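Chemist: Please find one structure pasted underneath; my questions will follow.
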Amino acid sequence: MVKSAAPDYPADFTGGFILLQTKDVPLRNTWSVRVGGNYHTSSHGKDFLHYVGSGTDFLGFDSGKRGLSDGIHSVLKPQGNGYSLTDNGLNNDWRISTLKPIADLNLSADVAHRWQTASGQTIGLNGSLNYSNAYRTILQCENNLFGAYDVTHQRSNYLRRMTDDQYSNNVRLGGMLGLVWLSADNSQSIKLKQIVNLMGKNRYTYRRGYDAQSDYNEQAEYYFQSRLTYNLGLSGKHVLGSHVLEWNAGYVFANRNLPDRRRYTVFGQEDGSLEVENLNDLNREFSLLKEHIYSVGVNWKHDLTWKGWKPFLKAGVYGERRSRRYDTRFFTYAWPNGQLPQSLRNQDVTTELLTDANYGLEGLYLLEQVDWSNNYEAIGLLGCGYLSLHLPFFDGRLEAYGGVRFESSHTELISHTRRQEYSPLSTQYDYNDFFPSLNLVGHLTPTQQLRLAYGRTTNRPEFRELSTSVYYDFELASNVQGNHNLLPAYVDNLDLGWEWYPHAGEVVSLSLFYKHFRNPIEWTYTVAGGTDLVYSYLNAKGANNYGVELEVRKQLDFLKLPQWSLSVNASYIHSKVTFPADSREQDRPMQGQSPYLVNIGLFYHSDEHPEARGWKQGWTASVLYNTIGKRIVGVGRSVGSGETDVRVPDSYEMPRHQVDLNLNKSFGRVSLGVSLRDILGQRVQFKQFEQTAAGEVEQVMRSYKPGRSFSLSVAYKL
């Protein structure tokens with residue numbers, strides 16, 4: 001985990017980032033397989049609703065029964081003013097079926113092998129394959145939306161009051177293959193790495209309740225999404241005397257396919273029946289996103305020696321090109337004369353209305369709502385260069401590492417100015433920035449040190465944040481769109497820390513940190529049309545963030561418990577977004593920032609006890625606890641003006657405590673694992689808070705019980 005800026009690290013991060021390192025040359029030849037199952041209290045052994053027409057998606061791919069037969073740009077066969085439902089290869093089955101999943105399934109396999117040539121060169125191979133198929137059910141989930149508090153009648157102002165039942169089947173399939181060549185003297189190495197991941201989500205949500213007009217309605221969403229990522233990397237390292245040269249080249253492909261998202265809404269009538277009041281409330285959406293990323297980088301390090309003084313110099317360059325294309329098509333159902341006959345309005349949508357008997361020349365057909373403004377293309381170019389210097393002083397008791405990084409970022413977003421026709425408009429975003437950083441480390445003793453670090457970083461808007469493409473999020477029951485006026489955020493980071501390394505793998509550290517944000521990007525929402533929310537992104541003018549962090553990874557041998565170890569990571573953070581005195585907004589904490597975070601782990605390893613014998617060997621166990629403080633997940637906004645000025649309140653994710661237990665026992669080459677997840681099973685809750693004359697009022701936006709899970713796994717290693 002990298003928390004402090006350095007010239008050789010990317011500047012586009014705010015809190016930190018994780019460096020993932022795959023295995024190089026394995027120490028020995030091994031292979032292993034693992035089979036596991038997971039039982040979830042809210043999901044397994046109970047009725048699970050799913051979409052009949054989806055077919056089987058056991059590998060995460062679309063089964064082929066969804067989507068447009070010739071892809072997102074299919075030319076559909078016409079019917080009147082729209083498109084035929086029967087002649088375009090569409091799956092028109094809306095029925096819902098029930099099954100009872102027994103448990104989740106997890107499979108994985110790993111292999112590691114090394115070869116030694118006659119000349120002493122080494123070739124290493126690391127490979128892995130993993131698969132998981134999980135079911136999750138959330139019942140009786142509150143899904144509410146509030147406008148500004150009704151101070152006249154002293155009551156909450158509901159814009160939506162709903163209850164959701166959601167059924168999700170998530171499938172993951174992934175693989176990794178790495179090859180490494182190492183010269184006989186270990187001075188040269190070349191690595192080839194490939195990683196592929198496929199994720200499929202099949203979800204059905206049923207919603208019922210009241211809208212802003214207090215009209216009862218019931219809604220459903222049929223949702224399937226597949227995501228594929230492929231990562232290819234080639235890198236090398238060459239030690240040439242006092243020079244070290246490292247290079248890398250990479251390619252990443254990613255796509256997100258939403259082949260046939262379906263939604264419908266029916267409204268309650270005075271006689272208690274449900275009716276399709278508007279055919280626009282029956283709709284289907286098809287979207288596809290594809291992205292390609294090419295990158296290349298070179299790093300050079302030179303060790304300097306001058307009268308026993310050994311500083312080193314580093315320099316490097318990096319280039320990246322990203323391209324993305326996003327296309328979406330939206331269809332509603334239609335009837336030849338524009339109105340659905342009264343005799344059909346009260347029919348059950350999934351089993352009676354949307355069936356073959358009602359399709360045809362004199363029946364239902366699809367009408368495309370053409371909106372080119374929801375499609376976009378984007379190109380991002382990034383060029384970087386850095387120069388840094390490491391200087392040891394006082395025989396290495398004080399180390400200084402610093403330098404400057406330059407990054408030139410160019411983004412071209414191609415959107416459309418007219419809804420009904422292809423009308424591309426290119427918008428350019430160019431930023432050229434220097435990012436200085438300095439890290440000072442003072443070695444107090446062989447195991448203790450003081451660290452002082454400063455660095456400037458940035459947070460650039462993503463393509464989706466800049467695009468004004470509108471997407472309806474069913475869980476939020478609101479539209480989501482980007483903001484083409486977004487600016488990059490810039491962060492000045494200052495850290496002061498004390499670190500103690502008692503033994504290998506152990507650390508005790510206490511750090512103070514301060515961050516100043518300029519133009520931080522926040523997730524916000526506002527009211528549109530009087531009753532609907534629109535979620536988007538906005539820059540705040542500035543913010544400050546400071547706090548203290550404690551990290552402990554320590555064996556408990558000093559308590560005469562050599563088999564036990566403790567891990568603690570706890571932070572207290574104060575954050576504040578400030579606004580001018582004449583602003584309609586109020587100073588508040590930063591969106592997404594918790595006031596505290598706590599992660600604690602207690603671990604047991606029997607094999608580390610020198611007197612362990614027989615059945616006492618091979619045991620590992622852990623107890624994990626984590627929690628976060630109340631944090632803003634959506635920033636509200638003031639609406640209206642003058643006497644009508646009201647504020648839609650911020651939304652908060654509320655704290656919850658989570659405890660996990662893990663137990664593992666090895667029997668030679670076989671190991672058995674047992675886990676209990678989220679034992680407390682506390683509610684997940686999101687709330688809005690209103691300050692009124694009568695005190696603070698809590699308004700629950702979203703609330704549900706996540707359930708607990710029990711897993712069992714068996715692994716064999718050779």
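The values are calculated or read from the model by the stated rules, or taken from the named source; none is laboratory data. Since the structure is predicted, the reported quantities are computational estimates derived from the model, not experimental observations. Here the Cβ positions follow ideal geometry from the backbone for every residue, glycine too, while neighbour counts run over all protein chains shown. Protein only, heavy atoms only, side chains kept; ligands, DNA and RNA dropped before computing areas. Shrake-Rupley method; radii C 1.70, N 1.55, O 1.52, S 1.80 Å.
Chemist: So how exposed is TRP31, as accessible area in Å² (1.4 Å probe, rounded to 10)?
Modeler: 110
Chemist: So, one more: Residues with beta-carbon under 13 Å from that of TYR490, excluding TYR490: net charge, scoring Lys, Arg +1 and Asp, Glu -1?
Modeler: Net charge in that neighbourhood comes out at +1.
Chemist: Determine, for each peptide in 492-500, 230-238, 458-466, the mean count of other beta carbons within 10 angstrom over its residues, then list the peptides with the highest first.
Modeler: Order by mean packing, descending: 458-466, 492-500, 230-238.
Chemist: Enumerate by residue number the chymotrypsin sites (Phe, Trp or Tyr not before Pro) in the stretch 336-435 meeting two conditions: DSSP loop (anything except H, G, I, E, B), and at most 11 other Cβ atoms within 10 Å of the site's Cβ.
Modeler: Answer by residue number: PHE394, TYR422.
Chemist: Same structure, new question: Determine the gain in length on full extension of the stretch GLN691-ASP492; use 0.36 nm per residue of separation and subtract their C-alpha separation, reporting nm with one decimal.
Modeler: Answer, rounded to one decimal: 68.3 nm.
Chemist: What figure in square angstrom, to the nearest 10, would you give for the accessible area of MET199 with a 1.4 Å probe?
Modeler: 50
Chemist: Using a 1.4 Å probe on the protein heavy atoms, what percent of the accessible area of the stretch 223-297 belongs to carbon and sulfur?
Modeler: Result for the stretch 223-297: 53 percent of the exposed heavy-atom area is carbon or sulfur.
Chemist: Now a separate question. Mind giving me the FRET efficiency for LEU391 and VAL370? R0 is 60 Å, r the Cβ-Cβ distance, nearest 0.05 is fine.
Modeler: After rounding, the FRET efficiency stands at 0.45.
Chemist: Another question, then. Put +1 on the Cβ of each Lys and Arg and -1 on the Cβ of each Asp and Glu in the chain; which of PHE474, SER651, ASN626 then has its Cα farthest toward the positive end of the dipole?
Modeler: ASN626
Chemist: Which one of TRP247, VAL171, LEU258 has its Cα pushed farthest toward the positive end of the charge dipole of the stretch 162-272, where Lys and Arg give +1 and Asp and Glu give -1 at the Cβ?
Modeler: With unit charges placed on the Cβ atoms, the residue in question is TRP247.
Chemist: What number comes out for accessible area per residue over the chain if the probe is 1.4 Å? Units Å², please.
Modeler: 51
Chemist: Per DSSP H run of at least 4 residues, take -39500 (n - 2.57); add these up for the chain, divide by its residues and hand me the 222 nm value, nearest 500 deg cm²/dmol.
Modeler: 0 deg cm²/dmol
Chemist: Tell me which aspartates and glutamates have Cα within less than 12 Å of LYS193's Cα, excluding those fewer than 8 residues away on the same chain?
Modeler: Straight-distance partners of LYS193: ASP24.
Chemist: Hey, got the Cα dimensions of the stretch 433-550 along the principal axes, in Å, largest first?
Modeler: Its Cα atoms span 65, 33, 21 Å along the three principal axes.
Chemist: Moving on. Search the structure for amide H atoms under 5 Å from the amide H of TYR537, placed 1.01 Å from N in the peptide plane, and list their residues when 5 or more places away or on another chain.
Modeler: ASN483, THR524
Chemist: Going through the cross-link list LYS3/LYS560; LYS100/LYS201; LYS3/LYS310; LYS301/LYS554; LYS237/LYS290, which pairs have a Cα-Cα distance over 24 Å in this structure?
Modeler: With Cα atoms farther than 24 Å apart: LYS3/LYS560; LYS3/LYS310; LYS301/LYS554; LYS237/LYS290.
Chemist: Count neighbours as other Cβ atoms within 10 Å of each site's Cβ, and list the trypsin sites (Lys or Arg not before Pro) in the stretch 493-551 that are DSSP loop with at most 15 such neighbours.
Modeler: Answer by residue number: LYS541.
Chemist: Report the net charge of residues surrounding LEU389, where surrounding means a beta-carbon distance below 15 angstrom and charges are Lys +1, Arg +1, Asp -1, Glu -1.
Modeler: +1
Chemist: Which one, LEU198, GLY442, PHE406, is farthest towards the positive end of the dipole of the chain when Lys and Arg carry +1 and Asp and Glu -1 on their Cβ?
Modeler: Positive-most Cα among the choices belongs to GLY442.
Chemist: Give me the dipole magnitude in Debye, nearest 20, for the stretch 19-149 about the Cα centre, with unit charges on the beta carbon: positive for Lys and Arg, negative for Asp and Glu.
Modeler: 340
Chemist: Pull out a ≥ b ≥ c, the square roots of the eigenvalues of the alpha-carbon gyration tensor of the stretch 362-439, then state rounded if a/c is under 1.5, prolate if not and a/b is larger than b/c, and oblate in the remaining case.
Modeler: prolate
Chemist: Compute the length gained on full extension between ALA581 and THR305: take 0.36 nm times their separation in residues and subtract their Cα-Cα distance, giving the result in nm to one decimal.
Modeler: Full-extension gain reported as 93.7 nm.
Chemist: Follow-up. Can you pull out the trypsin sites (Lys or Arg not before Pro) in the stretch 300-354 whose DSSP state is coil and whose Cβ has at most 14 other Cβ atoms within 10 Å?
Modeler: LYS307
Chemist: For the stretch 553-602, with only Lys/Arg (+1) and Asp/Glu (-1) charged at the beta-carbon, what is the dipole magnitude about the Cα centre, in debye rounded to 20?
Modeler: 240
Chemist: About the Cα centre of the chain, how large is the charge dipole given +1 on each Lys and Arg Cβ and -1 on each Asp and Glu Cβ? Please answer in debye to the nearest 20.
Modeler: 2500
Chemist: To continue, here is another question. Determine which residues of the stretch 453-467 fall in the zone a paramagnetic label at ASN485 would reach in this model, i.e. backbone nitrogen under 20 Å from the point 7 Å along Cα→Cβ.
Modeler: 460-467
Chemist: Residue separation times 0.36 nm, minus the C-alpha to C-alpha distance between THR117 and ASN130: what's the value?
Modeler: 1.6 nm
Chemist: Hey, quick one: spin label on GLN154, modelled 7 Å out along Cα-Cβ, who in the stretch 691-718 has an amide N within reach, i.e. under 11 Å?
Modeler: Taking a point 7 Å out along Cα→Cβ of GLN154, the residues of the stretch 691-718 whose backbone N falls under 11 Å are 693-695.
Chemist: Let me ask something else. Largest first and in whole Å, give the semi-axes of the chain's equivalent ellipsoid, each being the square root of 5 times a Cα gyration tensor eigenvalue.
Modeler: 48, 32, 30
Chemist: I would also like to ask the following. Quick one: compute a quarter of the convex hull surface over the Cα atoms of the stretch 256-400 and quote it in nm².
Modeler: 17.0
Chemist: Additional query: Which FRET efficiency value, to the nearest 0.05, do you get for TRP31 and LEU661 by plugging their Cβ-Cβ distance into 1/(1 + (r/R0)^6) with R0 = 35 Å?
Modeler: 0.75
Chemist: Take the solvent-accessible surface of the protein heavy atoms, probe 1.4 Å, and return the percent of it on the stretch 402-468 that carbon and sulfur atoms account for.
Modeler: 56
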